[in-house]
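Single-structure report; data block below.
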Amino acid sequence: MSFAPATSAFDVYRGATPAQLFRIASAQPIAGQFTDTGLTDQLIAPPDSNFDHANFYWRMELQPESGVTLQSATTVGNGSLQMTANRYKSMIVRITRGTGAEQERAIAANDTTSLTIAPPWTVEPDATSFS
């Protein structure tokens, strides 16, 4: 889930259709997920025009996350990878955690163990990074 920077809490609704939604949780702290454990319906009307939907954005993961063992200003990789040359050209690589986390770059080329990116990393990944 994602929220605007100023958001401090959120409410959760459940129902079969947008016209039959019931609030099941109020003023929940900001979190990346919410699990409905069978909470009781509350008799509170939805407060805003967005109560009837949520936007989800899916990305296909083509390689599982791996620790960075090879890196430079324009590369990232792991010596144990066994990629097909240029299989990932024109796709996106993301530093998921560690130094340089949250950066994404287009893949210009790849060999069996590393990806060459463009433009260069703003913060170069290191051995603490995962991609």
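The values are calculated or read from the model by the stated rules, or taken from the named source; none is laboratory data. Quick caveat: nothing in here was measured; it's all calculated off a predicted structure. Positions of Cβ are backbone-derived with ideal geometry, glycine not excepted, and every protein chain shown enters the neighbour counts. The protein model used for the area step is the full one, side chains on, heavy atoms only, and it has no ligands, DNA or RNA in it. Shrake-Rupley method; radii C 1.70, N 1.55, O 1.52, S 1.80 Å.
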* Looking at segment 54-73, is at least one residue hydrophobic (A, V, I, L, M, F, W, C), open to solvent by 60 Å² or more (accessible area, probe 1.4 Å) and in contact with a strand residue (DSSP E or B) (Cβ under 9 Å, 6 or more places away or on another chain)? -> yes
* **In segment 102-123, the residues that are polar (S, T, N, Q) and either surrounded by 15 or more Cβ atoms within 10 Å (Cβ to Cβ) or part of a strand (DSSP E or B) (or both)** => GLN103, ASN110, THR113, SER114, THR116
* Considering each residue of segment 87-97, count those that are open to solvent by 40 Å² or more (accessible area, probe 1.4 Å), part of a loop (DSSP other than H, G, I, E, B) and either in contact with an Asp or Glu (Cβ under 9 Å, 6 or more places away or on another chain) or β-branched (Val, Ile, Thr) (or both), and give that number. => 1
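Conditions tested, residue by residue: (1) at pLDDT below 90; (2) under 19 Å from the mean Cα position of the chain (by Cα); (3) surrounded by fewer than 11 Cβ atoms within 10 Å (Cβ to Cβ); (4) part of a strand (DSSP E or B).
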position	(1), (2), (3), (4)
ALA16	yes, no, yes, no
GLY38	no, no, yes, no
ALA45	yes, no, yes, no
ASN50	yes, no, yes, no
GLN82	no, no, yes, no
GLY100	no, yes, no, no
